[in-house]
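Enquirer: This structure is in structure tokens; I'll ask about it shortly.
Every number in this text was worked out from the coordinates using simple rules, so none of it is lab data. Keep in mind that this is a model prediction, so the values were computed, not measured. All Cβ positions, even for glycine, are placed from backbone atoms using ideal geometry, and neighbour counts span all protein chains on display.
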Amino acid sequence: MNNYHKFDFNIYSIVNNKHEFKPYKVLQWLDIPYIPIVTDDIGDGMNLEKIPKDLNGVCIASPKQFFSTKSGSWDMKGIQKSIDALSKNFKKVILFNDDYTAEWPQKIGNVYLLGLEMHTVSDRDSKDYRKYGLEIQNKYDNRDYIFNYVLCRTQMDNAMGADDVNEFMKLVKFSKNRIRNKAFTTLNRYPKSHRVGLVLRLMEYGLLDKGYVSLHSNKTDDLNKILISKSDSQKVFLKENPESIKQLKKITPIVLQNEKDVNGNFMGDDITAIPYSNMLDSYFSICCESHFHEDSQMIWTEKLSKVILGMHPFFVISQPYLLYHLKERGFETFSEVIDESYDNEINDTKRFEAVMKEIKRFFTENNQKDLHHIYYDVLYEKVRHNIQRHRDVVSEELRVIIKILKDEM
């Protein structure tokens, strides 16, 4: 990114190598100089006396850096602690992270609490939700404070500038004379219920060998408990075949070759890298987003960004209306060849069954040559458009930071 502006005030950012979240990266992407505030620890162990006082300055940080190390919880207490620690020391504070803010994105005094979640009506089963579900783009509150950091991180950490995008598009185009080995890619790092359900169904359909499939659950995990969990993020919605669950336990964890080191050991989770080797050797992606059940918030993360930047058409297993939101942001979806009506289904079980039915139909009816034709002769211009649009959307997202620094919001 180019340097947008020079500012006549100091910009600070909290830096702690013990925490994986690095809010200062946004300033690096924007080529904006900043003063690092290096802290000894996070949460309860943070030395707040090291935070300077500059009532003309701006501080960028993450509420996650102020988590309670005792509870490890991500809630409004962590947000309030970051607000209390920083708001009195700076003219402005910009807070954001790579997860829900736990509150609606908003401005609290001199603190800009940015979030990547977009809020819709609260009751999915209400008449209002059914009436306005397809108009959610107009239902977001405090839209000015929405900032999707993970979308930016996926692109910027992979150096997907204009030159990189153009080079990758050339590589995909020049691969037209080669039939790819796999039909699809679906990478499932953390075993949530909808991801376990997907891999179970692919196994039952006889489609596992047709794709690059991963599921990083341990063999000792009780997959049945994952499927019937009552936690907020994994509500009960799947009742799978017990014999299938036993069979899946025998083959998990499913780790792809490029996820292993030279000794064949699992290298760990990499939430940033785009799996280009898998994308260039398959035609479609089945993207299991981070969230499936939440009814009052919509979120899309690096899971889908990787698919778009890998120039793949896709199915999404996610919250309802995600495809609708993508189209509102200028992206293309693939209704020419995929029945995308599953996106409009608000019942979790029915939505899952609908997308799985379409996945089964599509990859059963089409062989590799069919998929090659569909990709290059029918959908290529759409995936080409999407990778370029992603770059533009990232610029739009980062513009939020600039507007705050320039007193434009």
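Enquirer: Between beta-carbons, use under 15 Å as the cut-off and find the net charge around Phe363, counting Lys and Arg +1, Asp and Glu -1.
Expert: Neighbourhood net charge equals +2.
Enquirer: Filter the GluC sites (Glu not before Pro) in the range 300-409 to those in DSSP coil with at most 12 other Cβ atoms within 10 Å of their Cβ, and list the result.
Expert: Answer in residue order: Glu336, Glu408.
Enquirer: So, one more: What is the order of Asp40, Asp144, fewest Cβ neighbours within 10 Å to most?
Expert: Neighbour counts put them in this order, fewest first: Asp40, Asp144.
Enquirer: Also, I was wondering about something else. Per 0.36 nm of contour for each residue apart, how much would the distance between Gln257 and Glu358 grow if the chain were fully extended, relative to their Cα-Cα spacing?
Expert: 33.5 nm
Enquirer: Using the 10 angstrom Cβ neighbour count as an exposure proxy, how do Cys59, Cys152 rank, fewest first?
Expert: The fewest-first ordering by Cβ neighbours comes to Cys152, Cys59.
Enquirer: Moving on. Between Phe9 and Leu208, how high is the FRET efficiency from 1/(1 + (r/R0)^6) when r is the Cβ-Cβ distance and R₀ = 56 Å? Nearest 0.05.
Expert: For Phe9 and Leu208, the calculated efficiency is 0.50.
Enquirer: How much length is gained if the chain between Lys249 and Lys88 is pulled fully straight, taking 0.36 nm per residue apart and subtracting their Cα-Cα distance, in nm to one decimal?
Expert: Using 0.36 nm per residue and subtracting the Cα-Cα distance, I get 52.7 nm.
Enquirer: Continuing with this model, one more query. Roughly how many nanometres apart are two label points built 7 Å out from the Cα toward the Cβ at Arg391 and Asn347?
Expert: Result: 4.5 nm between the two label points.
Enquirer: Using the basic label-point model (7 angstrom from Cα toward the beta carbon), what is the Asn241 to Glu20 distance in nanometres?
Expert: Here the modelled spin labels are 3.5 nm apart.
Enquirer: Another question, then. Just how many % of Cα pairs in the range 302-409 lie over 20 Å apart, if you round to the nearest whole percent?
Expert: 49
Enquirer: Let me ask something additional. Which value in nm describes the separation of the simple spin-label points at Met409 and Lys176, placed 7 Å from the Cα toward the beta carbon?
Expert: For the pair Met409/Lys176, the computed spacing is 4.0 nm.
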